[in-house]
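The values are calculated or read from the model by the stated rules, or taken from the named source; none is laboratory data. Values in this document were obtained by computation on a predicted structure and should not be read as measured data. Here the Cβ positions follow ideal geometry from the backbone for every residue, glycine too, while neighbour counts run over all protein chains shown.
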Amino acid sequence: MLVVETIAKIRRAFFRDGKPIKAICRDLGVSRKVVRKVIRSGATEFRYEREVQPLPKIGRWSDELDQLLTANEGKPPRERLTLIRIFEELLPAQFVKPFVKSNKNDARDAEAIAEAVIRPTMRFVEIKPCEQIDLQALHRVRDRIVGNRTQLICQMRAFCLEYGIAIRPGTGAFMLDISRIITDETNDLTPAIQVLLKELWEELKIVDIRLATVSR
């Protein structure tokens, strides 16, 4: 809506000061269409009302975007997604690549994303439901625990090999052999390495229990 003060400034600049329409538009920050309408009309107020308010182009993804932004706010500051990363989450990278004009950098990537997102036939990535996010998080935690267990087994196996004690391959065979080796006082293990192996053995049992819990 144009206020009375702006209308008066437009008419004063045109009729009294003799300024061209282009200069009035530049000085007051209004369009040429608005200036011409004020000059031709004697009205003191202009209202612009749309019969039908169109939805923004992103309207059909607004619910998914709200979920993504809400989840992003709950993350630690260093893990939060930037605006470019949010666009990348919504738009597959292979669809953006054709719009990159030159060598890759953040500014050109942002420009390419902005160009790709306005395409009417562009396909967007579906937002993952909370159940899928939880399941993926559980899988990542399980992978980390499995890696930790493998690391402990390899380390204990290497310590035993240093003293000439070989252990059969396989997790099940290792569990049986290491418990026997730790309690056997007739082998060549020194007291210091026996204490260390016992500590690693207790840690391995805790990791194994944790792995069984997340694998249910």
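From (1) part of a helix (DSSP H, G or I); (2) modelled with pLDDT of 70 or more; (3) surrounded by 12 or more Cβ atoms within 10 Å (Cβ to Cβ), pick out the condition that doesn't hold for D143. The one condition D143 does not meet is (3). In summary, helices (runs of 4 or more DSSP H) completely within segment 1-87 and bearing 1 or more residues that are at pLDDT below 80 occur at 4-11, 62-73. When the residues of segment 155-174 are filtered to those that are among the hydrophobic types (A, V, I, L, M, F, W, C) and not in a helix (DSSP H, G or I), the one that is surrounded by the most Cβ atoms within 10 Å (Cβ to Cβ) is I167. Of all residues in segment 175-209, those that are part of a helix (DSSP H, G or I) and more than 30 Å from V141 (Cβ to Cβ) total 8. Among the residues of segment 202-210, at least one is acidic (D, E), surrounded by 14 or more Cβ atoms within 10 Å (Cβ to Cβ) and in contact with a helix residue (DSSP H, G or I) (Cβ under 7 Å, 6 or more places away or on another chain).
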